[in-house]
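Q: So that we are looking at the same thing, I have put the structure below in structure tokens.
What follows draws every value from the coordinates through simple rules; no lab data is involved. Bear in mind that the values here come from a model prediction, so they are computed numbers and not experimental data. Methodologically, a virtual Cβ is constructed for each residue, glycine included, from the backbone with ideal geometry; neighbour enumeration extends over all protein chains shown.
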Amino acid sequence: MEDSNYNLVTKECPQCGASIELKHNKCAFCNTEFYIKRIDELGNKTNKYKTLYTEILKSDAENIEALYGLGLCFVSLSLFERAKSQFDLVIKKNPDHANALFYYCISILACRSIRTISHKEAKEIESNLNASIIIDPDNYVYHRALACLKYDYYVLNGLKQTNPDYQELLLKSDSLIPVEKELITKYFKSNLNI
């Protein structure tokens with residue numbers, strides 16, 4: 001339940017330090033949005049965003065954007081079990097949150113080599129990445145992540161791939177920007193040449 005004082009709470013912008021009102025989604029001073037969509041938007045301000053999202057959730061425990069943002073902070077801090085819990089909450093509240101499904105997969109991997117994960121983990125990651133692709137087919141990060149999973153887990157372990165195979169997924173993900181390639185390289189420890 002939303003606290004009636006929620007919109008009146010004043011906090012500090014995680015980017016510039018200016019005083020902000022949470023009823024707005026942007027800082028009036030630096031124009032930074034409070035609710036980030038990708039982990040690279042945290043920059044070196046992870047702890048400031050973590051503090052902001054924690055404060056927001058004290059007043060509004062159902063705030064999906066704050067739950068998601070806190071999950072991104074936990075991934076950035078390599079607190080993968082906590083991140084997984086946050087993304088699980090987001091997915092329960094909004095099963096169509098493609099990014100939450102994707103970062104949930106990153107939390108399962110926890111920077112481990114894909115080749116060494118369990119079959120159960122591989123199937124869970126595959127299912128969530130397939131769901132992300134269905135929800136947002138134009139986000140090629142999901143295609144590339146699934147290609148990495150299929151190559152490293154299925155091909156390198158001598159297992160039969162499910163459809164589509166990793167090569168087909170790679171064709172769809174040729175247009176990744178450098179930031180997206182870094183994301184895949186960092187969190188999907190893959191032998192696939194990205």
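Q: What do the square roots of 5 times the Cα gyration tensor eigenvalues come to for region 106-169, in whole Å, largest first, as semi-axes of the equivalent ellipsoid?
A: The three semi-axes for region 106-169 are 18, 14, 10 Å.
Q: Treating the angle as unsigned and between 0 and 90°, give the value, to the nearest 10°, between the Cα long axis of helix 80-93 and the longest Cα principal axis of the chain.
A: Roughly 80 degrees between the two axes.
Q: A further question on this structure: Under the definition of Cα pairs under 8 Å and six or more residues apart, what whole-number percent is the relative contact order of the chain?
A: Once normalised by length, the contact order is 14 percent.
Q: Using just the alpha carbons, could you tell me how many Å³ per residue the convex hull of region 87-194 encloses?
A: Looking at region 87-194, the number lands at 90 Å³ per residue.
Q: Could you state the angle between the C-alpha long axis of helix 119-135 and the longest principal axis of the C-alpha atoms of the chain, as a value from 0 to 90 degrees rounded to the nearest 10?
A: 60 degrees
Q: Let me ask another. Within the chain, what is the longest stretch that has no trypsin sites (Lys or Arg not before Pro) placed in a DSSP loop and near at most 11 other beta-carbon atoms within 10 Å?
A: Between the exposed loop sites, the longest stretch runs 24-159.
Q: List the lysines whose alpha-carbon lies under 27 Å from that of K11, not counting same-chain residues fewer than 8 positions away?
A: In chain and number order, the partners are K23, K26, K37, K45, K48, K50, K58, K84, K93.
Q: Using Cα atoms only, what is the angle between the long axis of helix 46-59 and the major principal axis of the chain, expressed in degrees (0 to 90) to the nearest 10?
A: The angle comes out at about 60 degrees.
Q: At 0.36 nm per residue, and after removing the present C-alpha to C-alpha distance, how many nm does the segment from D96 to D40 gain when stretched out fully?
A: Gain in length upon complete extension: 18.0 nm.
Q: Here's something else I'd like to know. Could you identify which residue out of L67, L156, L169 has the top mean-square fluctuation in a GNM of the chain using Cα springs shorter than 10 Å?
A: Ranking L67, L156, L169 by mean-square fluctuation puts L156 first.
Q: With charges set only on the Cβ (+1 for Lys and Arg, -1 for Asp and Glu), what does the dipole of region 1-137 come to about its Cα centre, in debye to the nearest 20?
A: 420 debye
Q: Fewest Cβ neighbours within 10 Å first, please rank D96, D165 accordingly.
A: Lowest count first: D96, D165.
Q: Let me ask something additional. Taking C-beta distances below 4.7 angstrom as the pairing criterion, name the unpartnered cysteines of the chain, in sequence order.
A: Here C73, C105, C111, C148 come out as lacking a disulfide-compatible partner, given the Cβ-Cβ threshold of under 4.7 Å.
Q: Taking percent of Cα pairs over 26 Å apart straight from the coordinates, which label in (1) 26; (2) 40; (3) 35 is the correct one?
A: Matching entry in (1) 26; (2) 40; (3) 35: (3).
Q: A further question follows. Would you please name the GluC sites (Glu not before Pro) within region 52-101 that are DSSP coil residues with at most 15 other C-beta atoms within 10 Å of their C-beta?
A: Answer by residue number: E62.
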